[in-house]
1. For region B:89-96, does any single residue satisfy the condition of being closer than 30 Å to residue B:119 by Cβ, in the same structural domain as residue B:120 (by TED's automatic domain parsing) and touching a strand residue (DSSP E or B) at 6+ places or on another chain (Cβ under 9 Å)?
2. Looking at region B:66-85 only, could you name the residues that are out of contact with any helix residue (DSSP H, G or I) (no Cβ under 7 Å at 6 or more places or on another chain) and over 17 Å from residue B:1 (Cα atoms)?
3. Determine whether residue A:50 is within 12 Å of chain B (Cβ to nearest Cβ), more than 19 Å from residue A:161 (Cβ to Cβ) and buried (at least 20 other Cβ atoms within 10 Å of the Cβ).
4. Residue under question is residue A:184, and the condition is that it be part of a helix (DSSP H, G or I), touching a helix residue (DSSP H, G or I) at 6+ places or on another chain (Cβ under 9 Å) and closer than 19 Å to residue A:103 by Cα; does it hold?
5. Just checking, which of B:134, B:61 is closer than 25 Å to residue B:25 by Cβ and touching a strand residue (DSSP E or B) at 6+ places or on another chain (Cβ under 6 Å)?
6. If residue B:202 satisfies all but one of (1) assigned to a helix (DSSP H, G or I); (2) in contact with a helix residue (DSSP H, G or I) (Cβ under 7 Å, 6 or more places away or on another chain), what's the number of the condition it fails?
7. Please count how many residues of region B:1-41 are assigned to a strand (DSSP E or B) and within 20 Å of residue A:87 (Cβ to Cβ).
8. Quick one: count up the residues across region B:155-181 that are within 28 Å of residue B:74 (Cα to Cα) and free of Cβ contacts under 8 Å to residues at least 40 places away in the same chain.
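The values are calculated or read from the model by the stated rules, or taken from the named source; none is laboratory data. As the structure is a prediction and not an experimental result, all values here were calculated from the model. Note: ideal-geometry Cβ built from the backbone for every residue, glycine included; neighbour counts use all protein chains shown.
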C-alpha cells in the first residue's frame with residue numbers, strides 16, 4: 001500500500017477534486033492536505049513547477065492532475081484496463097482539461113478584458129466542448145462515459161459541470177449547461193447520487 | 001489489429017509527432033494522413049472539437065494528443081505496465097503539454113505583444129519546465145525518463161527539445177536548452193540515434 005498525500009486548495013472543486021472523489025469511492029486511505037488561497041504563495045515554493053495539485057507518494061512529489069487522476073483511478077478501480085477503453089477515458093479527461101485551461105487565464109482578469117474573455121468562452125469554447133461531451137456520453141449509452149460504469153471520466157466531467165452550474169464563474173449563465181447539453185446535467189445528478197459521493201459531500205456540508 | 005489513421009499537419013514535429021515516432025519504433029502499421037496549413041480550415045470542419053491530431057481507429061475519430069500517445073505507446077511497447085511507472089510517464093507527457101499550451105497562444109501574435117509573450121516564455125516558463133525535466137531525467141539515471149528504457153515520455157520531450165533548438169521559434173535563442181538544461185540535449189541526441197528513429201528521419205529527408 002502506498003502512502004498518499006494530495007495537496008490542493010481547500011475547495012470542493014478544481015483540479016484535485018476528481019482524485020479526491022475517486023479515493024473516497026475506492027476507500028483508498030490518503031491525507032487530504034488542503035490550504036487556503038492566502039497560503040498558496042508560500043505552499044508553491046515547495047511544489048515542483050510551483051503548481052498544485054501535487055500527489056506525494058511514498059515521499060515523492062508528483063505533479064499533473066490527469067496523471068494523478070489516472071493513477072488513483074487505477075487504485076480505485078475507476079480506470080479501464082482495456083487499452084481502447086482507456087483511450088476513450090483519456091480523451092474525456094483531456095478534453096475537460098482543455099476547458100479548464102481556457103477558463104484558467106480568465107480567473108485573474110478584470111474589467112472589459114474579463115467580460116470579453118468570458119463572452120468568448122460562453123459563445124465558443126463552452127458550446128463546442130459541452131456538445132462534444134454530450135455526444136460522447138450519448139454514444140456510450142447515456143449513463144456513464146466509459147464501459148457503462150463509473151470511471152474517472154465521469155468524475156472529471158462532473159466537477160466541470162458543477163463548476164459551470166455553480167454561479168461562481170461571473171458572466172457564465174447558470175443555465176448554460178441546461179441550454180446547451182442537458183444530458184450532462186442528468187449525468188451530473190446521477191454521479192452526485194453515487195452513494196460514496198453523496199455521503200462524502202453530506203459530510204463536507206456538516 | 002486495429003485500422004489506424006493519424007491526421008495532422010505535414011510537419012516533422014508538433015502534437016502528433018511522438019505518436020508517429022512510436023508507431024515507427026513499434027512497427028505498427030498506420031495511415032500517416034498529413035495536410036498543409038492552408039488545408040486546415042477545411043480539414044477541421046470534419047474533426048471533433050475542430051482540432052488535430054485525430055486518431056481514427058476502426059472508423060472512430062478520437063482527439064487529444066496525450067490520449068493518443070498513451071494508446072499507441074501501449075501498442076508499441078513504449079508505455080509502462082506498472083501503475084506507478086505509468087504515473088511518472090504521464091507526469092512527463094503532461095508537463096510537456098503544459099509547455100506546448102503556453103507556446104500555442106504566442107504562435108498567432110505579432111509586434112510588441114509577440115515579443116513580450118516570447119520573453120515571458122524565455123524568462124519564466126522554459127527555465128521552470130526545462131529544469132524540472134532535467135531533474136526528473138537525472139533522478140531516473142540520466143539516460144531515459146522511465147524504467148531505463150525508451151518510452152513515450154522520451155519521445156514527447158525529444159519533440160519539444162528539437163522544436164526549442166530549431167530556430168523556428170522567434171525570440172527563443174537556439175542556445176536556450178544548452179544553457180538551462182544541457183542534459184536534455186544529450187537525451188535528445190540519444191533518442192535521435194535510436195535506430196528506428198534515425199532511419200525514419202533519414203527517410204523523411206530524402
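1. Yes, that holds for at least one residue.
2. Within region B:66-85, B:81, B:82, B:84, B:85 qualify.
3. no
4. Spelling it out, residue A:184 is indeed part of a helix (DSSP H, G or I), touching a helix residue (DSSP H, G or I) at 6+ places or on another chain (Cβ under 9 Å) and closer than 19 Å to residue A:103 by Cα.
5. Selected residue: B:61, the only one of B:134, B:61 that is closer than 25 Å to residue B:25 by Cβ and touching a strand residue (DSSP E or B) at 6+ places or on another chain (Cβ under 6 Å).
6. In the conditions (1) assigned to a helix (DSSP H, G or I); (2) in contact with a helix residue (DSSP H, G or I) (Cβ under 7 Å, 6 or more places away or on another chain), residue B:202 misses (2) alone.
7. 8
8. Adding up the residues that qualify gives 2.
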